[in-house]
Amino acid sequence: MWGLFLIITQSGNQEEQRETQRVAVQIKDPALDNKIALAKSLLAGNNIEQAEKLLAELIQAYPFESVPYFLNGDVRLYRQDPVGAMLEYRKAVDLNPDFLDKKSDMFQGKKIKKTVEEARAVIESGLTANSADAALLTARKEYYYMLRKIAGSCG
């Protein structure tokens, strides 16, 4: 009988911890939102260098916030670096899977999937030229990881 009581008490504590974590995630920082909006407008205005600097600052100040990583992936796309974009999108998706959830307001699955496929082409052509390129071999592992994330998502 005591064992059952302990399990119920422990389960209740875990539920309280989950609720506390969920509430903590919902708190928004208006300064972060303003800086993200500024970064988006810089990207839209083709001011890539300033956007890149601002995003680097945001990533350093808010390492567990997903949107700066996603926008950094967009910067990589502007720079014609689909492999770098895929790696940044991976960081964003790992922090917030809603980027791959069709039911989410943050859904970017089509863009991510297209970028991953572009990255695959770059990786494969690079490995054809130099099959021992360590960076490309690592990028290929990331490519397969992203394929699994995309396949497991709702998008």
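None of the figures in this text is laboratory data; all of them are computed from the coordinates on show. Just so it is clear, the structure is predicted and the values come from calculations on it, not from any experiment. Note: ideal-geometry Cβ built from the backbone for every residue, glycine included; neighbour counts use all protein chains shown.
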remark   = Protection proxy (average C-beta count within 10 Å per residue), highest first, orders 51-64, 122-135, 89-102 as 89-102, 51-64, 122-135
note = For Lys141, counting only aspartates and glutamates whose alpha-carbon sits under 19 Å away and dropping same-chain residues fewer than eight positions off, the answer is Asp81, Glu88, Asp94, Glu117, Glu118, Glu124, Asp133
ask   = Taking H as built 1.01 Å from N, whose amide H comes closer than 5 Å to the amide H of Gln108, not counting residues under 5 places away?
value = Leu100, Asp101
remark   = Note: Ala31 to Ile59 extended length (0.36 nm per residue) minus current alpha-carbon separation gives 8.7 nm
message = Please compute the alpha carbon radius of gyration of the stretch 30-152, then divide it by the globular-protein estimate 2.2 N^0.38 Å. Two decimals is fine.
response = 1.07
key: Alpha carbon centroid spacing (whole Å) that separates the stretch 48-79 from the stretch 115-155   = 21 Å
ask   = Stretched out fully, how many nm does the piece from Glu49 to Met106 gain, at 0.36 nm a residue minus the Cα gap?
value = 18.1 nm
task = Give the order of Met106, Met86 when sorted by the count of other beta carbons within 10 angstrom, beginning with the fewest.
result = Met106, Met86
request  = May I ask you to evaluate 6.51 cos²θ - 1.76 cosθ + 1.60, the Karplus curve with θ = phi - 60°, for each residue of the stretch 54-60 and list the ³J(HN,Hα) values in order in whole Hz, giving x for glycine and proline?
outcome  = 4, 5, 4, 5, 5, 5, 5
